[in-house]
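Engineer: Here you go, one structure.
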Amino acid sequence: MIKSIIHTGVICGVYLIALILVGFTIQAAQGSTVYKYQDEKGRWRFTDKKPSQAIDAEEIEYKGSPENPFKLKFKYYKKESGYAGEVVNPFYLPLSMNLYNKKTQKKIKHFVAPVAQSTVFYQDEPAPMGFTYRYIFGDPAANPENITYAIPVNSPFKHRISQGFNGRFSHTRPASQYAVDIALDVGTDITAARAGIVGYVKDDYAFGGAQQYFLDKANVVYVLHRDGTYAVYAHLLMGSVAVKPGQHVAVGDKLAESGTSGFSTGPHLHFVIRKNKNHKTVSVPFKFHHDGKAFRPQKGNFVCPCT
């Protein structure tokens, strides 16, 4: 499961910078070692505590979380006609933004901040405006195209869909209702199911579990499509992401490798198509295609990207 988050913040003043509230904590200290091994049941485990000598563990050097480049920046500036304000969207995903009066919390403005550019949202006013804000990814004007998606895995083997649409374990909310989980060995290549632009990446977390704590910890790649929808590829192996924000990818291009980071009970890929609907993140039903045939993914099915 990959959690959908509404990001919030408060702005008040002549020149302020607001940090995006998707802060991800790392349990391993900078420069420490993460140990990767298989337990007695063949499940992959990651830990920052050295296992006993009887366990054959691989050491992974953890270099620490890089500086977060995804900072939402606001600023006011004075012109002859009055104050103006702008916001800089650092993502390669459009942001749907609501501004609220700081005192009354009444919504005072809605706008879409385009991909990777600044947007003037306030101008020719007598003074800076104090407000709180909320935003989600995606343009509410997006209209999903009726297309099918390639299987997002490069592998010569068949792989089981362990959870499908409306899965009771974690596919119960609008943002993940139409998601699929594909069980994979750790290190399986994850590939683009549709062409697009890499909108956001997170690649700094080694651990996973079924506790609420892990809901926002998964390593992910988001890819924005031409119709305004975007795909989420989640639970990726730390250090495996092979793409950068703003990069164009074609169908079949490698994005990362499978892992079990975040809210996860075992190595798999969580794949979902999302859009913004009335300032809410919702998932979009889809079909895979293979060998010229389209099919709706269902729990228990085996998908085979092999030829």
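What follows draws every value from the coordinates through simple rules; no lab data is involved. Since we're looking at a predicted model, the values are computed, not measured. Heads up, the Cβs are rebuilt from the backbone with ideal geometry, glycines too, and the neighbour counts pull from every protein chain shown.
Engineer: Tell me, what ³J(HN,Hα) does each residue in the stretch 252-263 have, in order and in whole Hz, if you take phi through Karplus 6.51 cos²θ - 1.76 cosθ + 1.60 with θ = phi - 60° and put x for Gly and Pro?
Structural biologist: x, 5, 5, 9, 5, 10, 6, x, 9, 6, x, 6
Engineer: Going highest first, how would you order 265-276, 116-127 by mean Cβ packing within 10 Å?
Structural biologist: Ranking, from highest mean packing down: 265-276, 116-127.
Engineer: Continuing with the same structure: Of the peptides 201-207, 246-252, 176-182, how do they stack up when ordered by the mean number of other Cβ atoms within 10 Å, highest first?
Structural biologist: 176-182, 201-207, 246-252
Engineer: Taking a threshold of 23 Å on the Cα-Cα distance, which of the pairs 79/103; 71/244; 50/158 fall above it?
Structural biologist: Too far apart for the 23 Å limit: 79/103; 50/158.
Engineer: For residue 253 paired with residue 88, estimate the spin-label separation in nm (one decimal), with each label point 7 Å from Cα along the Cα-to-Cβ line.
Structural biologist: According to this spin-label approximation, the distance is 2.5 nm.
Engineer: Roughly how far apart, in whole Å, are the Cα centres of the stretch 75-93 and the stretch 149-164?
Structural biologist: So the two Cα centres are separated by 44 Å.
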